[in-house]
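The values are calculated or read from the model by the stated rules, or taken from the named source; none is laboratory data. Everything numeric here is computed off the predicted structure, so don't read it as measured data. Don't worry about glycine lacking a Cβ; one is built from the backbone with ideal geometry, like all the others, and counts go over all protein chains shown. Calculation scope for accessible area: heavy atoms of the full protein, side chains included, ligands and nucleic acids excluded. Shrake-Rupley method; radii C 1.70, N 1.55, O 1.52, S 1.80 Å.
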Amino acid sequence: MKISDIYNNKTSLPLSFEVFPPKGDEIDSKIDRLIDELNILKKFNPKLVSVTYGAGGSNRDTSFEIVNRLKADEFNVMPHFTCICTKRSTIRAHFNELQKMNIENVLALRGDEPKDNKICYMDFKYANELVEYLKSFTDFSIGIAGYPEGHISAPDLNTDILNLKKKVDAGGDVIFTQLFFDNSKFYNYLELLKRNNINIPVVAGILPISSYAQLDKMLSLAKVTIPDALLSKIEKFKDNNDYIKKLGIEYATNQCLDLIKNNVDGLHFYTLNKSYSTAKILENINL
Ligand code: FAD
């Protein structure tokens, strides 16, 4: 089912789960475990599972394998795709393959620039160019990334929103946001989107915090505020993983309840390939 239909014609709140391709040895058994985790979450009736994709296509084969496996298990899938360092012809071939797999959705991304200033093919500099290209030869429904506190390399939030508008005008159907912990930042973002005449659905990205190290890594890659009260608890108990996991569930539960009260278009969980915290939150909010 296309994301444009899921989010524009919803009868209940759409839930989606994001996973990433495992790395290292014994990939097959890691993928088996990942699929098992998602099957645990199936009882919550997700409308979509999204699968990340390394910038420059570094993990293309594993990403595709997971997409295939999820299709076989009757999940509705949205592969992510990054265009940085990728030739136009490679993108064409990639999408021909996805079409053969009967995939109907994609999250169209630029991907992060190489850290080492490596020179690479730049047929596409920004995601809006990828969206425009995909619209020229596929009928995929297209998700695009949004950043409630601004993209890390954007000079400010308003400039980032003007750039987001380019993706919407090129044919983006649904915005999936970066994780955030302060709902007021998300509501402010929705207001700014409206003022800029961006009227497509906006799906809120929720991260159930499960460890201090994982949070620290994520925050180094993104512009995300942690409210002081949450941060002080995390810092105080940073070596107590059980406590942090419990706190993450409690915090995300309250965040989701508030978003639901404010008529959010959808909830997108960054599952980190585990079902436990996401399942607990969904049991708590009892949709
Ligand atoms: P763009 O929309 O191109 O924006 C990138 C930057 O350029 C922004 O600062 C923007 O303001 C600016 N900009 C955009 N268009 C223009 C323009 N026309 N002219 C001038 N400036 C412009 N990364 C991965 O590698 N793999 C993934 O699977 C992945 N999944 C993600 C899922 C979600 C929900 C989100 C929110 C992010 C994800 N990312 C992923 C991270 C993303 O690839 C990076 O944040 C990347 O740096 C930006 O990608 P984008 O598509 O938002 O780029």
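For the structure I just gave you, tell me whether Val106 is open to solvent by less than 20 Å² (accessible area, probe 1.4 Å), within 13 Å of the ligand (Cβ to nearest atom), in contact with an Asp or Glu (Cβ under 9 Å, 6 or more places away or on another chain) and aliphatic (A, V, I, L, M).
Details: open to solvent by less than 20 Å² (accessible area, probe 1.4 Å): yes; within 13 Å of the ligand (Cβ to nearest atom): yes; in contact with an Asp or Glu (Cβ under 9 Å, 6 or more places away or on another chain): no; aliphatic (A, V, I, L, M): yes.
When the stated conditions are applied, Val106 does not pass them.
Looking at (1) over 15 Å from Leu98 (Cα atoms); (2) assigned to a helix (DSSP H, G or I); (3) open to solvent by 10 Å² or more (accessible area, probe 1.4 Å), can you tell me which one Thr62 breaks?
That leaves (1) as the condition not met.
Taking only segment 120-141 into account, find how many residues are within 11 Å of the ligand (Cβ to nearest atom), touching a helix residue (DSSP H, G or I) at 6+ places or on another chain (Cβ under 7 Å) and open to solvent by less than 30 Å² (accessible area, probe 1.4 Å).
3
Can you find even one residue in segment 154-174 that is among the hydroxyl-bearing types (Ser, Thr, Tyr) and in a strand (DSSP E or B)? Write out each step before concluding.
To start, the set of residues in segment 154-174 that are among the hydroxyl-bearing types (Ser, Thr, Tyr) comprises 159.
Now restrict to residues that are in a strand (DSSP E or B): none.
Looking through segment 154-174, none of the residues is among the hydroxyl-bearing types (Ser, Thr, Tyr) and in a strand (DSSP E or B).
Consider Lys167 carefully, then state whether it is within 13 Å of the ligand (Cβ to nearest atom) and open to solvent by less than 80 Å² (accessible area, probe 1.4 Å). Explain how you work it out, then say what you get.
On the way: within 13 Å of the ligand (Cβ to nearest atom): yes; open to solvent by less than 80 Å² (accessible area, probe 1.4 Å): yes.
So Lys167 passes the test.
Limited to segment 63-93, what total is found for residues that are charged (D, E, K, R) and on the phi > 0 side of the Ramachandran plot? First the steps, then the outcome.
Going residue by residue through segment 63-93, those that are charged (D, E, K, R) are 65, 69, 71, 73-74, 87-88, 92.
Now narrow it down to the ones that are on the phi > 0 side of the Ramachandran plot: 74.
The number of residues fulfilling the criteria is 1.
Quick check on this structure: which one of Ile66, Ile84, Ile40, Ile103 is modelled with pLDDT of 95 or more and farther than 22 Å from Ile3 by Cβ?
Values: Ile66 fails: farther than 22 Å from Ile3 by Cβ; Ile84 fails: modelled with pLDDT of 95 or more; Ile103 fails: farther than 22 Å from Ile3 by Cβ.
Checking each option against the conditions leaves just Ile40.
Looking at Ala213, Ala204, Ala252, can you tell me which residue is under 30 Å from Pro114 (Cα atoms), under 17 Å from the mean Cα position of the chain (by Cα) and not polar (S, T, N, Q)? Spell out how you get there, then give the answer.
Numbers: Ala213 fails: under 17 Å from the mean Cα position of the chain (by Cα); Ala252 fails: under 30 Å from Pro114 (Cα atoms).
The unique qualifying residue is Ala204.
Return only the number of the condition from (1) open to solvent by less than 20 Å² (accessible area, probe 1.4 Å); (2) more than 28 Å from Lys165 (Cβ to Cβ) that Gly146 does not satisfy.
Against the list (1) open to solvent by less than 20 Å² (accessible area, probe 1.4 Å); (2) more than 28 Å from Lys165 (Cβ to Cβ), Gly146 comes up short only on (2).
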